[in-house]
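Asker: One structure, pasted below without further comment.
The values are calculated or read from the model by the stated rules, or taken from the named source; none is laboratory data. Predicted model, so just to flag it, every value in this text is computed and none were measured. Cβ placement follows ideal geometry from the backbone for every residue including glycine, while neighbour counts extend to all protein chains displayed.
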Amino acid sequence: MKKVLMPLAIVLLLCLIPYVAVRYAGQSYLFGVIVPYAAAALFVSGVLFRLFDWLRRPVPFRITTTAGQEKTLDWIPYSRLDSPATPMQAWVRVLLEVFLFRSLFRNNKAELREGPGFTFASSKWLWLGGLAFHWSLLVIGLRHARFFFVELPGFIVPVEVADRFLDLTLPAFYLTDAVVLAAATFLFVRRLRDAKLRIISLPTDYFPLFLIGAIAVAGVLMRYVTKADIMTIKALTMGFSEMSFEPPGDIAPVFYVHLFLVSVLAVYFPFSKLMHMGAIFLSPTRNLCNNSRQKRHVNPWNRAVKFRTYAEYEDDYREKMKKAGLPVEKE
Amino acid sequence: MSNRISAILALLIAGAMFVAALLFMQSVHGASSALRAAAPVAVARQVPIDSTRCIASTVYMKSHHMQLLNQWRHDSVRKGNRAHVTSDGRRFDKSLNTCLGCHASNPMFCFMCHEYANVKPTCWNCHISPMEATR
(Lines give C-alpha, C1' and ligand atoms only; values in the text may rest on other atoms or scores of the structure.)
Protein backbone atom coordinates (compact mmCIF):
# COMPACT_ATOMS: atom_id res chain seq x y z
CA MET A 1 0.00 0.00 0.00
CA LYS A 2 2.96 2.28 0.65
CA LYS A 3 3.76 2.39 -3.05
CA VAL A 4 0.28 3.82 -3.70
CA LEU A 5 0.14 6.22 -0.78
CA MET A 6 3.63 7.68 -1.23
CA PRO A 7 2.97 9.03 -4.75
CA LEU A 8 -0.42 10.30 -3.55
CA ALA A 9 1.22 12.13 -0.64
CA ILE A 10 3.84 13.59 -2.97
CA VAL A 11 1.19 14.90 -5.36
CA LEU A 12 -0.79 16.42 -2.49
CA LEU A 13 2.37 18.08 -1.21
CA LEU A 14 3.09 19.38 -4.71
CA CYS A 15 -0.42 20.89 -4.74
CA LEU A 16 0.16 22.53 -1.40
CA ILE A 17 3.53 24.13 -2.20
CA PRO A 18 2.36 26.69 -4.79
CA TYR A 19 -0.92 27.27 -2.94
CA VAL A 20 0.80 28.23 0.29
CA ALA A 21 3.65 30.07 -1.42
CA VAL A 22 1.35 32.22 -3.57
CA ARG A 23 -1.47 32.71 -1.09
CA TYR A 24 0.57 33.44 2.01
CA ALA A 25 4.06 34.39 0.78
CA GLY A 26 3.18 36.22 -2.45
CA GLN A 27 5.56 34.15 -4.58
CA SER A 28 3.49 34.62 -7.74
CA TYR A 29 6.52 35.64 -9.84
CA LEU A 30 8.43 32.51 -8.86
CA PHE A 31 5.52 30.15 -9.58
CA GLY A 32 4.01 32.14 -12.45
CA VAL A 33 7.15 32.89 -14.46
CA ILE A 34 10.42 31.38 -13.25
CA VAL A 35 9.24 27.83 -12.54
CA PRO A 36 7.27 27.44 -15.83
CA TYR A 37 10.20 28.69 -17.93
CA ALA A 38 12.70 26.48 -16.10
CA ALA A 39 10.35 23.51 -16.50
CA ALA A 40 9.88 24.19 -20.20
CA ALA A 41 13.66 24.42 -20.73
CA LEU A 42 14.23 21.16 -18.84
CA PHE A 43 11.40 19.48 -20.75
CA VAL A 44 12.72 20.43 -24.18
CA SER A 45 16.36 19.67 -23.44
CA GLY A 46 15.48 16.45 -21.61
CA VAL A 47 13.27 15.13 -24.40
CA LEU A 48 15.84 16.06 -27.05
CA PHE A 49 18.58 14.35 -25.03
CA ARG A 50 16.54 11.16 -24.67
CA LEU A 51 15.59 11.11 -28.35
CA PHE A 52 19.13 11.69 -29.60
CA ASP A 53 20.42 9.13 -27.13
CA TRP A 54 18.08 6.57 -28.71
CA LEU A 55 18.66 7.75 -32.26
CA ARG A 56 22.41 7.31 -32.10
CA ARG A 57 22.11 3.62 -31.15
CA PRO A 58 22.45 1.49 -34.27
CA VAL A 59 19.64 -0.92 -35.06
CA PRO A 60 21.36 -3.24 -37.55
CA PHE A 61 18.78 -5.98 -37.84
CA ARG A 62 15.07 -6.12 -38.42
CA ILE A 63 13.14 -7.18 -35.36
CA THR A 64 10.20 -8.92 -36.93
CA THR A 65 7.12 -9.60 -34.89
CA THR A 66 5.23 -12.58 -36.18
CA ALA A 67 1.84 -10.93 -36.44
CA GLY A 68 1.23 -11.50 -40.15
CA GLN A 69 2.40 -13.17 -43.34
CA GLU A 70 5.73 -11.81 -44.57
CA LYS A 71 6.12 -10.73 -48.20
CA THR A 72 7.59 -13.62 -50.19
CA LEU A 73 6.35 -14.76 -53.58
CA ASP A 74 4.05 -12.54 -55.58
CA TRP A 75 1.16 -14.97 -55.49
CA ILE A 76 1.18 -15.28 -51.68
CA PRO A 77 -0.80 -12.41 -50.17
CA TYR A 78 1.06 -10.73 -47.34
CA SER A 79 0.00 -8.60 -44.41
CA ARG A 80 0.94 -5.01 -45.22
CA LEU A 81 0.30 -3.75 -41.69
CA ASP A 82 1.48 -6.61 -39.53
CA SER A 83 4.49 -7.52 -41.62
CA PRO A 84 5.24 -4.42 -43.67
CA ALA A 85 7.61 -4.80 -46.60
CA THR A 86 8.36 -1.12 -47.29
CA PRO A 87 9.29 1.74 -44.95
CA MET A 88 6.05 3.47 -45.91
CA GLN A 89 3.95 0.53 -44.70
CA ALA A 90 6.04 0.39 -41.54
CA TRP A 91 5.25 4.06 -40.83
CA VAL A 92 1.56 3.41 -41.33
CA ARG A 93 1.97 0.71 -38.68
CA VAL A 94 3.68 3.21 -36.36
CA LEU A 95 0.95 5.81 -36.86
CA LEU A 96 -1.82 3.28 -36.29
CA GLU A 97 -0.04 2.25 -33.11
CA VAL A 98 0.17 5.88 -32.02
CA PHE A 99 -3.43 6.75 -32.80
CA LEU A 100 -5.26 3.45 -32.25
CA PHE A 101 -3.01 1.38 -29.92
CA ARG A 102 -3.26 -1.77 -32.05
CA SER A 103 -0.87 -3.65 -29.76
CA LEU A 104 -3.17 -3.08 -26.80
CA PHE A 105 -6.11 -4.22 -28.91
CA ARG A 106 -4.47 -7.66 -28.98
CA ASN A 107 -4.41 -7.74 -25.19
CA ASN A 108 -5.34 -11.08 -23.64
CA LYS A 109 -6.14 -12.18 -20.17
CA ALA A 110 -5.59 -15.54 -18.59
CA GLU A 111 -7.37 -16.39 -15.38
CA LEU A 112 -7.45 -19.33 -13.05
CA ARG A 113 -11.00 -19.83 -11.85
CA GLU A 114 -12.47 -21.70 -8.91
CA GLY A 115 -12.04 -25.40 -9.41
CA PRO A 116 -10.16 -26.70 -12.39
CA GLY A 117 -11.18 -23.79 -14.57
CA PHE A 118 -8.88 -21.73 -16.72
CA THR A 119 -10.03 -18.97 -19.04
CA PHE A 120 -8.02 -17.34 -21.76
CA ALA A 121 -9.83 -14.52 -23.47
CA SER A 122 -9.45 -11.26 -25.29
CA SER A 123 -9.46 -8.23 -22.97
CA LYS A 124 -10.25 -4.84 -24.43
CA TRP A 125 -10.69 -2.74 -21.30
CA LEU A 126 -7.09 -1.55 -21.07
CA TRP A 127 -7.22 -0.64 -24.76
CA LEU A 128 -10.46 1.27 -24.34
CA GLY A 129 -9.35 3.03 -21.14
CA GLY A 130 -5.96 3.92 -22.59
CA LEU A 131 -7.51 5.21 -25.77
CA ALA A 132 -10.00 7.36 -23.84
CA PHE A 133 -7.21 8.69 -21.61
CA HIS A 134 -4.74 9.57 -24.35
CA TRP A 135 -7.27 11.02 -26.78
CA SER A 136 -8.75 13.21 -24.05
CA LEU A 137 -5.29 14.45 -23.15
CA LEU A 138 -4.64 15.28 -26.80
CA VAL A 139 -7.93 17.19 -27.14
CA ILE A 140 -7.35 18.98 -23.85
CA GLY A 141 -3.86 19.95 -24.97
CA LEU A 142 -5.20 21.27 -28.27
CA ARG A 143 -7.94 23.20 -26.49
CA HIS A 144 -5.33 25.00 -24.42
CA ALA A 145 -4.10 26.62 -27.63
CA ARG A 146 -6.66 29.33 -26.93
CA PHE A 147 -4.39 30.60 -24.18
CA PHE A 148 -1.33 30.87 -26.42
CA PHE A 149 -2.74 32.33 -29.64
CA VAL A 150 -4.59 35.57 -30.29
CA GLU A 151 -6.94 33.65 -32.55
CA LEU A 152 -7.55 29.92 -32.23
CA PRO A 153 -5.77 28.02 -35.05
CA GLY A 154 -8.38 26.90 -37.60
CA PHE A 155 -8.17 23.14 -37.15
CA ILE A 156 -8.66 23.37 -33.37
CA VAL A 157 -12.00 25.17 -33.61
CA PRO A 158 -13.99 22.07 -34.69
CA VAL A 159 -12.23 20.01 -32.00
CA GLU A 160 -13.23 22.53 -29.35
CA VAL A 161 -16.81 22.75 -30.66
CA ALA A 162 -17.15 18.96 -30.74
CA ASP A 163 -15.79 18.78 -27.19
CA ARG A 164 -18.57 21.03 -25.81
CA PHE A 165 -21.35 19.87 -28.12
CA LEU A 166 -23.47 18.58 -25.22
CA ASP A 167 -23.99 22.25 -24.28
CA LEU A 168 -24.74 21.27 -20.68
CA THR A 169 -23.39 23.89 -18.28
CA LEU A 170 -22.01 27.39 -18.37
CA PRO A 171 -19.11 27.74 -18.96
CA ALA A 172 -19.75 25.00 -21.53
CA PHE A 173 -19.06 21.51 -20.21
CA TYR A 174 -16.18 19.81 -22.01
CA LEU A 175 -16.67 16.07 -22.56
CA THR A 176 -12.94 15.40 -22.34
CA ASP A 177 -12.79 16.88 -18.82
CA ALA A 178 -15.06 14.08 -17.63
CA VAL A 179 -13.52 11.41 -19.85
CA VAL A 180 -9.95 12.07 -18.73
CA LEU A 181 -10.89 11.91 -15.05
CA ALA A 182 -12.96 8.76 -15.55
CA ALA A 183 -10.17 7.12 -17.56
CA ALA A 184 -7.48 8.07 -15.02
CA THR A 185 -9.66 6.61 -12.27
CA PHE A 186 -10.18 3.44 -14.28
CA LEU A 187 -6.45 3.06 -14.99
CA PHE A 188 -5.73 3.53 -11.28
CA VAL A 189 -8.41 1.10 -10.10
CA ARG A 190 -7.29 -1.42 -12.72
CA ARG A 191 -3.87 -1.55 -11.09
CA LEU A 192 -5.38 -2.06 -7.64
CA ARG A 193 -8.02 -4.65 -8.48
CA ASP A 194 -5.91 -7.40 -9.99
CA ALA A 195 -3.40 -9.07 -7.64
CA LYS A 196 -0.90 -9.68 -10.46
CA LEU A 197 -1.02 -6.06 -11.56
CA ARG A 198 -0.82 -4.85 -7.98
CA ILE A 199 2.44 -6.71 -7.53
CA ILE A 200 4.11 -5.49 -10.71
CA SER A 201 2.92 -1.88 -10.30
CA LEU A 202 5.52 0.57 -9.05
CA PRO A 203 5.26 3.99 -7.43
CA THR A 204 6.32 5.41 -10.80
CA ASP A 205 3.17 3.88 -12.29
CA TYR A 206 0.89 5.60 -9.80
CA PHE A 207 2.65 8.97 -9.63
CA PRO A 208 1.92 10.14 -13.22
CA LEU A 209 -1.70 9.01 -12.89
CA PHE A 210 -2.16 10.99 -9.68
CA LEU A 211 -0.28 13.96 -11.13
CA ILE A 212 -2.36 14.10 -14.32
CA GLY A 213 -5.51 13.53 -12.26
CA ALA A 214 -4.59 16.43 -9.98
CA ILE A 215 -3.86 18.68 -12.97
CA ALA A 216 -7.27 17.84 -14.43
CA VAL A 217 -9.02 18.41 -11.10
CA ALA A 218 -7.33 21.79 -10.65
CA GLY A 219 -8.31 22.76 -14.21
CA VAL A 220 -11.91 21.63 -13.73
CA LEU A 221 -12.14 23.52 -10.42
CA MET A 222 -10.86 26.67 -12.08
CA ARG A 223 -13.31 26.41 -14.95
CA TYR A 224 -16.51 25.35 -13.23
CA VAL A 225 -16.27 25.90 -9.49
CA THR A 226 -13.86 28.29 -7.80
CA LYS A 227 -13.15 30.44 -10.88
CA ALA A 228 -10.00 32.26 -11.83
CA ASP A 229 -9.77 35.47 -13.83
CA ILE A 230 -9.25 34.30 -17.39
CA MET A 231 -8.18 37.73 -18.69
CA THR A 232 -5.18 37.93 -16.35
CA ILE A 233 -4.37 34.28 -17.08
CA LYS A 234 -4.43 34.89 -20.81
CA ALA A 235 -2.18 37.93 -20.37
CA LEU A 236 0.31 35.68 -18.57
CA THR A 237 0.11 32.81 -21.08
CA MET A 238 0.37 35.18 -24.03
CA GLY A 239 3.51 36.41 -22.29
CA PHE A 240 4.77 32.80 -22.34
CA SER A 241 4.31 32.55 -26.09
CA GLU A 242 6.16 35.84 -26.55
CA MET A 243 8.95 34.81 -24.13
CA SER A 244 8.26 37.79 -21.90
CA PHE A 245 9.15 37.88 -18.21
CA GLU A 246 6.38 40.28 -17.15
CA PRO A 247 5.11 39.56 -13.62
CA PRO A 248 1.62 37.97 -13.58
CA GLY A 249 -1.45 39.94 -12.47
CA ASP A 250 -3.78 38.98 -9.64
CA ILE A 251 -4.72 35.34 -10.29
CA ALA A 252 -6.41 32.87 -7.94
CA PRO A 253 -3.97 30.42 -6.23
CA VAL A 254 -5.70 27.40 -7.83
CA PHE A 255 -4.24 28.54 -11.15
CA TYR A 256 -0.74 28.38 -9.69
CA VAL A 257 -1.47 24.86 -8.42
CA HIS A 258 -2.48 23.87 -11.97
CA LEU A 259 0.55 25.57 -13.51
CA PHE A 260 3.00 24.16 -10.98
CA LEU A 261 1.72 20.60 -11.43
CA VAL A 262 2.06 20.97 -15.19
CA SER A 263 5.62 22.23 -14.63
CA VAL A 264 6.35 19.20 -12.45
CA LEU A 265 4.91 16.95 -15.14
CA ALA A 266 7.09 18.63 -17.76
CA VAL A 267 10.24 18.14 -15.69
CA TYR A 268 9.31 14.58 -14.75
CA PHE A 269 8.45 13.70 -18.34
CA PRO A 270 11.86 13.13 -19.99
CA PHE A 271 13.18 11.04 -17.11
CA SER A 272 10.26 8.68 -16.68
CA LYS A 273 8.06 6.15 -18.41
CA LEU A 274 6.14 9.08 -19.89
CA MET A 275 8.87 9.21 -22.55
CA HIS A 276 6.88 6.49 -24.32
CA MET A 277 5.39 9.46 -26.14
CA GLY A 278 8.63 9.92 -28.06
CA ALA A 279 9.81 6.33 -27.83
CA ILE A 280 6.82 4.88 -29.64
CA PHE A 281 8.07 6.51 -32.86
CA LEU A 282 11.48 4.91 -32.39
CA SER A 283 10.40 1.44 -31.33
CA PRO A 284 12.16 -1.04 -33.65
CA THR A 285 9.39 -3.62 -33.57
CA ARG A 286 7.05 -1.02 -35.06
CA ASN A 287 9.09 1.20 -37.37
CA LEU A 288 11.31 -1.34 -39.13
CA CYS A 289 9.91 -2.99 -42.23
CA ASN A 290 10.26 -6.74 -42.43
CA ASN A 291 12.44 -7.04 -45.55
CA SER A 292 15.03 -9.53 -44.35
CA ARG A 293 14.33 -11.77 -47.36
CA GLN A 294 14.76 -8.99 -49.94
CA LYS A 295 17.75 -7.17 -48.47
CA ARG A 296 20.91 -8.31 -46.69
CA HIS A 297 21.41 -6.40 -43.45
CA VAL A 298 25.03 -6.24 -42.30
CA ASN A 299 25.89 -5.52 -38.73
CA PRO A 300 27.99 -2.31 -38.85
CA TRP A 301 30.10 -3.24 -35.85
CA ASN A 302 31.21 -6.61 -37.17
CA ARG A 303 35.05 -6.88 -37.18
CA ALA A 304 36.63 -6.89 -40.63
CA VAL A 305 37.39 -10.60 -41.11
CA LYS A 306 40.19 -11.65 -43.49
CA PHE A 307 38.54 -14.24 -45.73
CA ARG A 308 40.59 -16.90 -47.54
CA THR A 309 38.94 -18.19 -50.71
CA TYR A 310 39.40 -21.68 -52.13
CA ALA A 311 41.20 -20.23 -55.17
CA GLU A 312 43.85 -18.70 -52.88
CA TYR A 313 44.16 -22.00 -50.99
CA GLU A 314 44.66 -23.89 -54.21
CA ASP A 315 47.25 -21.36 -55.42
CA ASP A 316 49.28 -22.04 -52.25
CA TYR A 317 49.06 -25.83 -52.28
CA ARG A 318 48.61 -26.70 -55.99
CA GLU A 319 51.90 -28.59 -56.41
CA LYS A 320 51.44 -30.60 -53.22
CA MET A 321 47.89 -31.46 -54.20
CA LYS A 322 48.98 -32.65 -57.63
CA LYS A 323 51.65 -34.84 -56.08
CA ALA A 324 49.11 -36.36 -53.72
CA GLY A 325 46.76 -37.00 -56.65
CA LEU A 326 44.04 -34.59 -55.50
CA PRO A 327 41.90 -32.96 -58.21
CA VAL A 328 42.63 -29.24 -58.78
CA GLU A 329 40.45 -26.68 -60.54
CA LYS A 330 43.23 -24.75 -62.26
CA GLU A 331 46.21 -26.50 -63.82
CA MET B 1 -11.22 -15.07 -35.07
CA SER B 2 -12.00 -13.89 -31.56
CA ASN B 3 -10.13 -10.67 -32.39
CA ARG B 4 -12.44 -10.02 -35.32
CA ILE B 5 -15.48 -10.66 -33.16
CA SER B 6 -14.26 -8.27 -30.50
CA ALA B 7 -13.48 -5.66 -33.15
CA ILE B 8 -17.05 -5.87 -34.40
CA LEU B 9 -18.28 -5.80 -30.80
CA ALA B 10 -16.25 -2.68 -30.03
CA LEU B 11 -17.64 -0.97 -33.14
CA LEU B 12 -21.18 -1.98 -32.19
CA ILE B 13 -20.74 -0.64 -28.66
CA ALA B 14 -19.33 2.64 -29.97
CA GLY B 15 -22.27 2.95 -32.35
CA ALA B 16 -24.75 2.11 -29.61
CA MET B 17 -23.22 4.73 -27.33
CA PHE B 18 -23.49 7.33 -30.08
CA VAL B 19 -27.14 6.49 -30.71
CA ALA B 20 -27.82 6.53 -26.96
CA ALA B 21 -26.23 9.99 -26.67
CA LEU B 22 -28.34 11.25 -29.58
CA LEU B 23 -31.53 9.81 -28.07
CA PHE B 24 -30.64 11.32 -24.69
CA MET B 25 -30.20 14.75 -26.22
CA GLN B 26 -33.41 14.36 -28.20
CA SER B 27 -35.35 13.46 -25.06
CA VAL B 28 -33.86 16.34 -23.07
CA HIS B 29 -34.69 18.83 -25.79
CA GLY B 30 -38.13 17.31 -26.30
CA ALA B 31 -38.91 17.65 -22.59
CA SER B 32 -37.84 21.26 -22.48
CA SER B 33 -39.92 22.17 -25.54
CA ALA B 34 -42.94 20.45 -23.98
CA LEU B 35 -42.40 22.48 -20.82
CA ARG B 36 -42.16 25.63 -22.87
CA ALA B 37 -45.48 24.88 -24.51
CA ALA B 38 -47.17 24.14 -21.17
CA ALA B 39 -46.12 27.19 -19.17
CA PRO B 40 -47.05 30.53 -20.75
CA VAL B 41 -44.44 33.20 -20.23
CA ALA B 42 -45.57 35.84 -17.78
CA VAL B 43 -45.75 39.35 -19.11
CA ALA B 44 -42.71 41.33 -18.01
CA ARG B 45 -43.48 43.94 -15.41
CA GLN B 46 -41.76 47.21 -15.95
CA VAL B 47 -39.24 47.40 -13.15
CA PRO B 48 -37.41 50.69 -12.74
CA ILE B 49 -33.75 50.20 -13.44
CA ASP B 50 -31.27 51.64 -11.01
CA SER B 51 -28.40 52.24 -13.37
CA THR B 52 -25.99 53.72 -10.88
CA ARG B 53 -24.66 50.38 -9.68
CA CYS B 54 -24.44 46.87 -11.15
CA ILE B 55 -26.48 44.05 -9.66
CA ALA B 56 -23.37 42.48 -8.09
CA SER B 57 -19.72 43.23 -7.50
CA THR B 58 -17.36 43.49 -10.45
CA VAL B 59 -15.35 40.48 -9.27
CA TYR B 60 -18.47 38.34 -9.02
CA MET B 61 -19.84 39.52 -12.37
CA LYS B 62 -16.49 38.88 -14.07
CA SER B 63 -16.41 35.24 -13.04
CA HIS B 64 -20.12 34.36 -12.80
CA HIS B 65 -21.97 36.51 -15.37
CA MET B 66 -22.54 33.52 -17.65
CA GLN B 67 -24.11 31.47 -14.89
CA LEU B 68 -26.25 34.40 -13.79
CA LEU B 69 -27.46 35.05 -17.34
CA ASN B 70 -28.23 31.36 -17.76
CA GLN B 71 -30.21 31.40 -14.51
CA TRP B 72 -32.08 34.53 -15.60
CA ARG B 73 -32.98 32.95 -18.92
CA HIS B 74 -34.20 29.82 -17.17
CA ASP B 75 -36.24 31.78 -14.61
CA SER B 76 -37.81 34.24 -17.01
CA VAL B 77 -38.41 32.07 -20.06
CA ARG B 78 -39.25 28.76 -18.45
CA LYS B 79 -40.68 29.75 -15.03
CA GLY B 80 -42.06 33.18 -15.84
CA ASN B 81 -40.31 34.71 -12.85
CA ARG B 82 -38.79 37.97 -14.05
CA ALA B 83 -38.00 39.79 -10.80
CA HIS B 84 -34.42 39.74 -9.55
CA VAL B 85 -33.73 41.02 -6.06
CA THR B 86 -30.12 41.81 -5.25
CA SER B 87 -28.55 41.05 -1.90
CA ASP B 88 -29.00 44.70 -0.88
CA GLY B 89 -32.71 44.67 -1.79
CA ARG B 90 -32.76 46.41 -5.20
CA ARG B 91 -35.12 44.96 -7.81
CA PHE B 92 -34.28 44.31 -11.46
CA ASP B 93 -36.04 42.84 -14.47
CA LYS B 94 -34.46 39.50 -15.39
CA SER B 95 -33.65 40.43 -18.95
CA LEU B 96 -30.61 40.86 -21.11
CA ASN B 97 -31.91 44.40 -21.70
CA THR B 98 -31.30 45.15 -18.03
CA CYS B 99 -27.62 44.49 -18.59
CA LEU B 100 -27.49 46.23 -21.94
CA GLY B 101 -29.29 49.25 -20.48
CA CYS B 102 -25.91 50.31 -19.10
CA HIS B 103 -23.36 48.10 -20.77
CA ALA B 104 -24.45 48.72 -24.36
CA SER B 105 -23.03 52.25 -24.07
CA ASN B 106 -19.81 50.62 -25.16
CA PRO B 107 -20.73 48.35 -28.10
CA MET B 108 -17.50 46.41 -27.56
CA PHE B 109 -18.21 45.76 -23.87
CA CYS B 110 -18.93 42.02 -24.29
CA PHE B 111 -16.60 41.45 -27.20
CA MET B 112 -13.38 42.87 -25.82
CA CYS B 113 -12.94 40.07 -23.32
CA HIS B 114 -14.68 37.29 -25.22
CA GLU B 115 -12.57 37.87 -28.30
CA TYR B 116 -9.38 38.09 -26.26
CA ALA B 117 -10.13 34.88 -24.33
CA ASN B 118 -11.49 33.07 -27.42
CA VAL B 119 -14.87 32.49 -25.81
CA LYS B 120 -17.89 32.20 -28.08
CA PRO B 121 -21.09 32.80 -26.08
CA THR B 122 -24.39 31.65 -27.56
CA CYS B 123 -26.25 34.86 -26.59
CA TRP B 124 -26.06 36.39 -30.03
CA ASN B 125 -27.48 33.31 -31.75
CA CYS B 126 -30.89 34.81 -30.88
CA HIS B 127 -30.33 38.28 -29.40
CA ILE B 128 -29.08 41.24 -31.38
CA SER B 129 -25.68 42.13 -30.03
CA PRO B 130 -24.76 45.74 -29.21
CA MET B 131 -22.19 45.60 -31.97
CA GLU B 132 -24.80 44.65 -34.57
CA ALA B 133 -27.19 47.26 -33.17
CA THR B 134 -24.73 50.09 -33.71
CA ARG B 135 -23.77 49.00 -37.19
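Asker: Which residues, counting only those in the stretch A:74-97, are under 18 Å from the mean Cα position of the chain (by Cα) and farther than 15 Å from A:N290 by Cα?
Answerer: Passing the criteria: A:L95, A:L96, A:E97.
Results for (1) away from chain A (no Cβ under 14 Å); (2) modelled with pLDDT under 80; (3) in contact with a Leu (Cβ under 7 Å, 6 or more places away or on another chain), shown as yes or no for each residue.
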residue	(1), (2), (3)
B:I5	no, yes, no
B:A21	no, yes, no
B:S33	yes, yes, no
B:V43	yes, yes, no
B:R53	yes, no, no
B:K62	no, no, no
B:R73	no, no, no
B:K79	yes, no, no
B:H84	yes, no, no
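Asker: Here's something else I'd like to know. Output the residues belonging to the stretch A:87-102 that are surrounded by 14 or more Cβ atoms within 10 Å (Cβ to Cβ) and touching a residue at least 40 places away in the same chain (Cβ under 8 Å).
Answerer: Correct list: A:Q89, A:A90, A:W91, A:R93, A:V94, A:E97, A:V98.
Asker: Taking the stated definitions as given, is A:R62 of a type in the set (D, E, K, R), free of Cβ contacts under 8 Å to residues at least 24 places away in the same chain, surrounded by 14 or more Cβ atoms within 10 Å (Cβ to Cβ) and under 21 Å from A:G278 (Cα atoms)?
Answerer: No.
Asker: Related question: How many residues, within the stretch B:66-111, are more than 25 Å from B:E132 (Cβ to Cβ) and in contact (Cβ under 8 Å) with a residue 40 or more places away in the chain?
Answerer: Count: 5.
Asker: Anything in the stretch A:211-226 that is under 16 Å from A:F147 (Cα atoms) and in contact with a helix residue (DSSP H, G or I) (Cβ under 6 Å, 6 or more places away or on another chain)? List them, or say none.
Answerer: Passing the criteria: A:G219, A:V220, A:M222.
Asker: How many residues, within the stretch A:92-127, are more than 21 Å from B:I13 (Cα to Cα), part of a loop (DSSP other than H, G, I, E, B) and within 14 Å of chain B (Cβ to nearest Cβ)?
Answerer: The number of residues fulfilling the criteria is 0.
Asker: Any idea which residue in the stretch A:27-44 is surrounded by the fewest Cβ atoms within 10 Å (Cβ to Cβ), counting only those that are more than 30 Å from the chain's Cα centre (by Cα) and assigned to a helix (DSSP H, G or I)?
Answerer: A:Y29
Asker: Let me ask another. Kindly indicate the residue of the stretch A:157-180 that is touching a helix residue (DSSP H, G or I) at 6+ places or on another chain (Cβ under 8 Å) and of a type in the set (V, I, T) and also nearest to the other protein chains (Cβ to nearest Cβ) among those meeting that condition.
Answerer: Among those residues, the one meeting the criterion is A:T169.
Asker: Go through the residues of the stretch A:84-92 one by one and say whether even a single one is in contact with a Gly (Cβ under 8 Å, 6 or more places away or on another chain) and either at pLDDT 90 or above or within 19 Å of A:F281 (Cβ to Cβ) (or both).
Answerer: no
Asker: In this structure, is A:Y24 free of Cβ contacts under 8 Å to residues at least 12 places away in the same chain, out of contact with any Lys or Arg (no Cβ under 6 Å at 6 or more places or on another chain) and assigned to a helix (DSSP H, G or I)?
Answerer: In short, yes.
Asker: Run down A:A195, A:A178 and say which single residue is surrounded by fewer than 13 Cβ atoms within 10 Å (Cβ to Cβ) and either of a type in the set (G, A, S) or in contact with a His (Cβ under 7 Å, 6 or more places away or on another chain) (or both).
Answerer: Unique residue meeting the criteria: A:A195.
Asker: Would you point out the residue of the stretch B:105-127, among those that are more than 13 Å from chain A (Cβ to nearest Cβ), of a type in the set (A, V, I, L, M, F, W, C) and more than 25 Å from A:F165 (Cβ to Cβ), that is nearest to the chain's Cα centre (by Cα)?
Answerer: Selected residue: B:F109.
Asker: Further question: For the stretch B:98-135, which positions are in a loop (DSSP other than H, G, I, E, B) and either aliphatic (A, V, I, L, M) or under 20 Å from B:S76 (Cα atoms) (or both)?
Answerer: If the condition is that a residue be in a loop (DSSP other than H, G, I, E, B) and either aliphatic (A, V, I, L, M) or under 20 Å from B:S76 (Cα atoms) (or both), then B:A104, B:M108, B:A117, B:V119, B:P121, B:T122, B:C126, B:H127, B:I128, B:S129 are the ones that fit.
Asker: Right, next: State all residues of the stretch A:51-110 that are in contact with a Phe, Trp or Tyr (Cβ under 8 Å, 6 or more places away or on another chain), of a type in the set (K, R) and under 26 Å from A:G130 (Cβ atoms); if no residue qualifies, say none.
Answerer: A:K109, the sole residue that qualifies.
Asker: Mind counting the residues in the stretch B:94-115 that are of a type in the set (S, T, Y) and exposed (fewer than 15 other Cβ atoms within 10 Å of the Cβ)?
Answerer: Counting residues in the stretch B:94-115 that are of a type in the set (S, T, Y) and exposed (fewer than 15 other Cβ atoms within 10 Å of the Cβ) gives 1.
Asker: Return the only residue of A:G154, A:G130, A:G141 being away from chain B (no Cβ under 12 Å), part of a loop (DSSP other than H, G, I, E, B) and either of a type in the set (G, A, S) or touching a Lys or Arg at 6+ places or on another chain (Cβ under 9 Å) (or both).
Answerer: Criteria check complete, one pass: A:G154.
Asker: Being out of contact with any helix residue (DSSP H, G or I) (no Cβ under 8 Å at 6 or more places or on another chain), within 24 Å of A:V92 (Cα to Cα) and either without any contact (Cβ under 8 Å) to a residue 60 or more places away in the chain or basic (K, R) (or both), is that true of even one residue in the stretch A:263-276?
Answerer: yes
Asker: Continuing with the same structure: Mind checking whether some residue in the stretch A:292-301 is surrounded by 13 or more Cβ atoms within 10 Å (Cβ to Cβ) and either in contact with a helix residue (DSSP H, G or I) (Cβ under 9 Å, 6 or more places away or on another chain) or part of a loop (DSSP other than H, G, I, E, B) (or both)?
Answerer: Checked the stretch A:292-301: at least one residue is surrounded by 13 or more Cβ atoms within 10 Å (Cβ to Cβ) and either in contact with a helix residue (DSSP H, G or I) (Cβ under 9 Å, 6 or more places away or on another chain) or part of a loop (DSSP other than H, G, I, E, B) (or both).
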